[in-house]
1. Once you put a point 7 Å from the Cα of Asp222 and another 7 Å from the Cα of Ile179, both along the Cβ direction, what distance in nm separates them?
2. Could you tell me whether the chain comes out rounded, prolate or oblate from its Cα gyration tensor? Rule is a ≥ b ≥ c as square roots of the eigenvalues, rounded for a/c under 1.5, then prolate if a/b exceeds b/c, otherwise oblate.
3. Between Arg134, Arg20, Arg93, where does the largest GNM mean-square fluctuation fall for the chain, given springs only between Cα atoms within less than 10 Å?
4. Can you work out the PRE-style zone for Glu35? Point 7 Å along Cα to Cβ, and I want the residues of the stretch 162-182 with backbone N under 15 Å.
5. In whole angstrom, note down how far apart the Cα centers of the stretch 73-115 and the stretch 1-50 are.
6. Kindly flag which residue pairs out of Lys34/Lys174; Lys34/Lys79; Lys18/Lys105; Lys79/Lys184; Lys13/Lys185 have an alpha-carbon separation exceeding 20 Å in this structure.
7. Find how much the distance from Ile108 to Glu61 grows on full extension, using 0.36 nm per residue of separation minus their present alpha carbon separation; answer in nm with one decimal.
8. What does the helix-only formula give at 222 nm for the chain: each DSSP H stretch with n ≥ 4 adding -39500 (n - 2.57), the total divided by the residues, and the result rounded to the nearest 500 deg cm²/dmol?
Amino acid sequence: MNFPSVSVVIPVKNEALKIRDCINGILSQTVPVKEIIVIDSGSTDGTQDIVRAYKETMLIEIPSADFNHGTTRNLGVSKASGEFIIMTVGDARACNEYWIEELLKGFIDDNVAGVCGQQVVPHEKDKNPAFWFRPINGPSIRQYVYSSSSEFDKLAPTKKKEACGWDDVTAIYKKEVLIKIPFKKITYGEDSLWAKEALRAGYQLVYNSAAIVYHYHSETSDYI
């Protein structure tokens, strides 16, 4: 089969307990990936050694002080050779072997810049059962595109938030668009800000809720 050229970028720090599940999940997909680029920002728990053990991975090490949610991902993009680039994180894992296949299904026409899935909480004893994934409806595909930046700017705040509910835990991009619209240097929310800029530039964004990863951790008051 002729598969698209896909690279994966994963920023990590101290993910020794979960990075194997993350990488193994990627390698078990129905769509093979060209490379897995892991950017480590000062792990002290042996994460780097685990990553090096995989022949499919490229490890890039940066000082902890240099990490930024936007620019660190841009570094990964600059090293990636795939036509498509997936963003995820070291403590997430694919729900099943169809994760990448479902992400790629969202490229329904040439104007689609990226496709976003959803992160959910698995039914595991160490996770808060109030947040366990219990879907009421089946998966769906949503599309957002606007004829001009002014059309987007006129949206109500709730509609803007809906359109820009992007998530770099499970998202795929055309590399050519990430070169034109790189992530901003920002503490949090590089993904939502990118989505806003892409929509204002006239690109189409697609959400496919069938592209699922498991991801959960306690949120600090600072993060909230």
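The values are calculated or read from the model by the stated rules, or taken from the named source; none is laboratory data. Computed from a predicted model, the values in this text were never measured in an experiment. Don't worry about glycine lacking a Cβ; one is built from the backbone with ideal geometry, like all the others, and counts go over all protein chains shown. Areas reflect the complete protein model, heavy atoms only, side chains present, ligands, DNA and RNA absent. Shrake-Rupley method; radii C 1.70, N 1.55, O 1.52, S 1.80 Å.
1. Simple spin-label model gives 3.7 nm for this pair.
2. Here the chain falls in the rounded category.
3. Top of the fluctuation ranking is Arg134.
4. 175-176
5. Comparing the Cα centres of the stretch 73-115 and the stretch 1-50, I get a distance of 12 Å.
6. Table pairs above 20 Å Cα-Cα are Lys18/Lys105.
7. Here the segment from Ile108 to Glu61 would lengthen by 13.3 nm.
8. Working: 8 runs with 59 residues, N = 224.
Taking each H run of at least 4 residues, the total per residue is -7000 deg cm²/dmol.
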